[in-house]
1. Go over the candidates B:41, B:86 one by one and state the one that is more than 13 Å from residue B:356 (Cα to Cα) and within 14 Å of chain A (Cβ to nearest Cβ).
2. Is there any pair linking a residue in segment B:353-377 that is within 21 Å of residue B:56 (Cα to Cα) and touching a residue at least 12 places away in the same chain (Cβ under 8 Å) to one that is among the charged types (D, E, K, R) and in a helix (DSSP H, G or I), with Cβ under 6 Å and at least six apart or on different chains, and which?
3. Evaluate segment A:165-178: report whether one residue or more is within 14 Å of another protein chain (Cβ to nearest Cβ) and either surrounded by fewer than 16 Cβ atoms within 10 Å (Cβ to Cβ) or of a type in the set (Gly, Ala, Ser) (or both).
4. Got at least one residue in segment A:182-204 being within 14 Å of chain B (Cβ to nearest Cβ), among the hydrophobic types (A, V, I, L, M, F, W, C) and either outside any loop (DSSP other than H, G, I, E, B) or surrounded by 20 or more Cβ atoms within 10 Å (Cβ to Cβ) (or both)?
5. Of A:25, A:105, A:116, which residue is out of contact with any His (no Cβ under 7 Å at 6 or more places or on another chain) and loosely packed, with under 15 Cβ neighbours inside 10 Å?
6. Can you tell me which residue within segment A:139-164, out of those that are among the charged types (D, E, K, R) and within 14 Å of chain B (Cβ to nearest Cβ), is farthest from residue A:184 (Cα to Cα)?
7. Could you figure out which of (1) away from chain A (no Cβ under 14 Å); (2) over 15 Å from the mean Cα position of the chain (by Cα); (3) of a type in the set (S, T, N, Q) isn't true of residue B:67?
Amino acid sequence: METNIAAGILALIARFLSGASVRWIDCHPDPCQRVYFANHTSHLDAVVLWSALPPEVRSLTRPVAAKEYWMGGPIRRYLSREVFNALLIDRTEIKVHQSPVDLMIQQIGHQYSLIIFPEGGRSSGPDVGEFKSGLYYLSKKRPDLELIPVHIDNMNRILPRGEVLPVPMLTCVTFGPPMWLERKEPKVKFLQRAREAVLRLKET
Amino acid sequence: MDALTLELFGGVLVLLGIASAVVRFLKRRVDLGLDPAIIETFRLRVWAWWLLFAPLVGALLAGAYLTFLLFFMISFWALREFITLTPTRPADHRALFWVFFACTPLQYLFLACADQPWFEQRLGITAYEIYSIFIPVYAFLLIPARIAFSGDSKRFLERTAKIQAGLLICVYCLSYAPALLTLKVASQEPRVAQRIDDTEQAEAASKAASEEVDSVADMMQMENLKDMAEAGLKRPYEPAGPKYRLLFFFVLIVQLADACQYVWSQIPSRHPIVPSISPARTWEGLLGSAASVTLIGAALSGVTPFHYWWQAAFASFVVSLTAFGGGLTMSAIKRDRGVKDYGTLIEGHGGVLDRIDSMCFSAPVFFHLTCFFLKWP
């Protein structure tokens, strides 16, 4: 209950600060299990995307985030653990027997959706970098998950790499039509297709 | 708040209520054969007016400071929309931070200092001397210096100019609208009314006293009352009503100028002024709006602190021209950036900047015109 209120307030603040207009193109908000994958340019991406979801979907959606950043201080720790219910991945030590993908699948069960940024790190400009293979392995192991491409516009101008203070420009979060891994689709081709799905949203 | 002010505010809100009712009626009556697109435009217009006038009336009733806050928020949001549409480079980030979080609030803070006697006493200059040059001089110089400090020279002058233009239009120019509240408006009517009140009171008192002049105490009382009435005459009296009405009058005239332009553009004969920028703006619209707004301004001159009716009419006429210039300029910028509207605060309504572009251009001109007219012999 308390977390819900905190989450609601935080989402409201995030919506106001980012001035986000949210568009759903050939796609509707739905609490079914989904993987939202988006371009990554700013630390705030996960928060903005998360706040753009309607409350009932938001409470079932867990952003995947870097452990070393979100464990960086008491506030970030509280927010990631209690409010966003983030799934923190330790990028510094990736074990062979428990890869991040296994961890995600284990953590979401048959209830939660995920927010992931397949580029791995933040890109420095507005361009979308090549996708890493995590998205492919995730959908190979759980082909039932709907993959929703999301494009977050302008976040690289609000809080560029290496800056601490945000500038309040207006963002636009665009959700695209769901996609799945085709049967026997090769990894490179699938990742290319997923990346193009995000890029296509930029132009619409 | 005096009766005239409340009547003006209430009158406009009632008119808006009627407009909303008309929209509802027209939407239900499909059999009238009106163009649904025009009804939809009308509905959006009326809704946008509600969004503008309801907070404005609320802020004005709550006092000058809340009005400054309201305009600060409008400026801030408009600047957001402007900068969002302007291509900037990562090196501009720190400069933009200062523009948003220092220059914009400071401008309105200086404005709020205008009513503070300590400001002038301590610093020896008026608030006007600061808020009228702060952005055009100091912010103007700060922006290129801060960008240069970041060490990215690509399209330097272009980037600098765009940020400066945004700050000047959305913050500096718009802040002249609430600056009307800082003017020393020498109001005639309320003072006259007060004088009559006081003399009536004194007369009544003297009448009452003359009826039973059998005691010295009554004589004393009569003297007292006379003194009080005279003191009332001498007391410097600066009512807030006329200033609030002036700001409200300005906003109303700008909005009417916009609306009249649209309405007059609908008549069959259409001669676009600058078809390459805005095909919707026609000579018919501009001239029609100038004529109607001048008449409305003359009719409403009673609510303004102007000394003569023609001053209100002339100010309205000038506002109709500057409003046109503002809309046209912003259309040019939008066309250059390849967008139709500035923002999406509310779906389908365009942005804040689309609604206030004409006000930004009119506010400084109206402000100076008012200063000039109030000193008119």
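1. Numbers: B:41 fails: within 14 Å of chain A (Cβ to nearest Cβ).
That would be B:86, the only listed residue that is more than 13 Å from residue B:356 (Cα to Cα) and within 14 Å of chain A (Cβ to nearest Cβ).
2. Short answer, once both residue conditions are applied: B:353/B:81; B:358/B:258.
3. To start, the set of residues in segment A:165-178 that are within 14 Å of another protein chain (Cβ to nearest Cβ) comprises A:165-174.
Still in the running and either surrounded by fewer than 16 Cβ atoms within 10 Å (Cβ to Cβ) or of a type in the set (Gly, Ala, Ser) (or both): A:165.
Yes, some residue in segment A:165-178 is within 14 Å of another protein chain (Cβ to nearest Cβ) and either surrounded by fewer than 16 Cβ atoms within 10 Å (Cβ to Cβ) or of a type in the set (Gly, Ala, Ser) (or both).
4. no
5. Numbers: A:105 fails: loosely packed, with under 15 Cβ neighbours inside 10 Å; A:116 fails: loosely packed, with under 15 Cβ neighbours inside 10 Å.
None of the other options fit; the residue is A:25.
6. Per the criteria, the residue is A:163.
7. (2)
For every residue, the table says whether it meets (1) within 14 Å of chain A (Cβ to nearest Cβ); (2) out of contact with any His (no Cβ under 9 Å at 6 or more places or on another chain); (3) polar (S, T, N, Q); (4) over 20 Å from residue B:178 (Cβ atoms).
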position	(1), (2), (3), (4)
B:55	no, yes, no, no
B:90	yes, yes, no, yes
B:100	yes, yes, no, no
B:124	no, yes, no, yes
B:129	no, yes, no, no
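The values are calculated or read from the model by the stated rules, or taken from the named source; none is laboratory data. Note that this is a predicted model, so its numbers are computed, not measured. Quick reminder, even Gly has a Cβ in these numbers, built from the backbone with ideal geometry, and neighbours come from all protein chains shown.
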